[in-house]
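Read the structure below first, then the notes.
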Amino acid sequence: MRKFIRFLFFVLLFFLLLLIYGRYVGTDGLITKEYSISANIDESFNGLKIVHFSDLHYLRVANKNTLKQVVDEINLINPDIVFFTGDLIDKDFKLNDKEKNNLISELSSINSKYGKYAVLGNHDYKKDEELFKEIYSSSNFILLQNSYDIVYGNNNDKLFIGGLDTYTFDKADISKVMEYFSDNEDINYKIILCHEPDYIDTIVKDYNVDLVLSGHSHNGQINIPYIKKFFLPKGSRKYYDNYYKVKDTDLYISSGIGLSRLNLRMFNKPSINFYRINKITE
């Protein structure tokens with residue numbers, strides 16, 4: 001009996017320590033995941049530096065200091081373009097004027113050569129849409145909602161950036177994003193931002209795009225084999241790891257900054273992604 005009680009004690013102690021690790025150690029700090037991409041990109045964009053972050057879930061655990069750390073890390077990279085792929089504010093928390101101003105102040109401090117772009121996530125749709133338009137506009141981010149923008153380089157080189165609304169609430173419409181190509185075929189490299197990575201199957205079914213960036217899955221917030229799948233949200237149950245090749249499209253999924261549902265991260269530190277896109281040389 002004593003052996004059983006001792007065994008039970010150590011099992012409970014192990015799980016208690018695991019929970020403490022997940023809450024305080026797993027959620028602390030920030031890492032940068034670096035990726036090199038070889039692509040058929042125009043010469044003036046050769047060596048393009050992109051920073052991609054996602055799923056801040058502001059106020060659940062992430063606060064102004066968390067965001068400041070992210071901003072400082074992004075600016076150290078000195079990116080050409082910055083992308084945010086949704087879930088800026090956690091759905092369970094209300095933003096007051098002070099916190100809104102803190103968000104705007106920090107997001108405004110992000111520097112980039114060509115611009116900063118964002119899409120909405122499923123948590124964002126639980127809030128007032130006008131709130132996000134105000135935050136992003138005041139922070140010099142371009143909010144893409146089933147829309148696109150063209151970045152111009154030298155010699156009339158062009159880079160296509162499309163952004164989708166959230167798939168969770170059936171708002172995503174790739175046909176609207178790709179309307180530009182109904183009359184034009186003058187852009188070699190196409191980037192699509194979407195919150196939920198599983199939507200990529202719809203994208204590549206009818207369109208050729210080069211790079212899709214998303215979030216939502218947190219790469220498995222509880223990143224334990226055979227267990228993490230139980231914690232994956234709808235929209236990221238097929239694609240949830242760091243990288244996939246889907247047909248000819250590169251799909252990268254950010255593990256995010258904040259937390260959703262559970263205030264735990266297991267073996268999956270908050271992170272940002274840094275991509276360097278190099279032109280394929282023949």
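When Asp149, Asp165, Asp183, Asp173 are checked against the criterion of being touching a Leu at 6+ places or on another chain (Cβ under 8 Å) and surrounded by fewer than 17 Cβ atoms within 10 Å (Cβ to Cβ), a single residue qualifies: Asp173.
Per this entry, Lys64 is not counted among residues that are farther than 22 Å from Leu259 by Cα, surrounded by fewer than 18 Cβ atoms within 10 Å (Cβ to Cβ) and over 17 Å from the mean Cα position of the chain (by Cα). Selection of region 232-282 for residues being among the acidic types (Asp, Glu) and in contact with a Leu (Cβ under 6 Å, 6 or more places away or on another chain) yields only Asp250. Number of residues in region 109-139 that are within 18 Å of the chain's Cα centre (by Cα), within 22 Å of Ile50 (Cβ to Cβ) and polar (S, T, N, Q) equals 3.
Here is the figure for region 225-240: residues that are touching a residue at least 24 places away in the same chain (Cβ under 8 Å) and under 17 Å from the mean Cα position of the chain (by Cα) total 8.
Go through the residues of region 120-127 one by one and say whether even a single one is of a type in the set (A, V, I, L, M), surrounded by fewer than 23 Cβ atoms within 10 Å (Cβ to Cβ) and out of contact with any Lys or Arg (no Cβ under 7 Å at 6 or more places or on another chain). No, the conditions are met nowhere in region 120-127.
Number of residues in region 186-224 that are closer than 16 Å to Ala39 by Cβ, surrounded by fewer than 20 Cβ atoms within 10 Å (Cβ to Cβ) and either among the basic types (Lys, Arg) or free of Cβ contacts under 8 Å to residues at least 40 places away in the same chain (or both) equals 1.
Laboratory data are not the source of any read-out in this text; all were calculated from the coordinates shown. Model, not experiment: these values are computed from the prediction. Please note: Cβ atoms are built from the backbone with ideal geometry, for glycine as well, and neighbour counts cover all protein chains shown.
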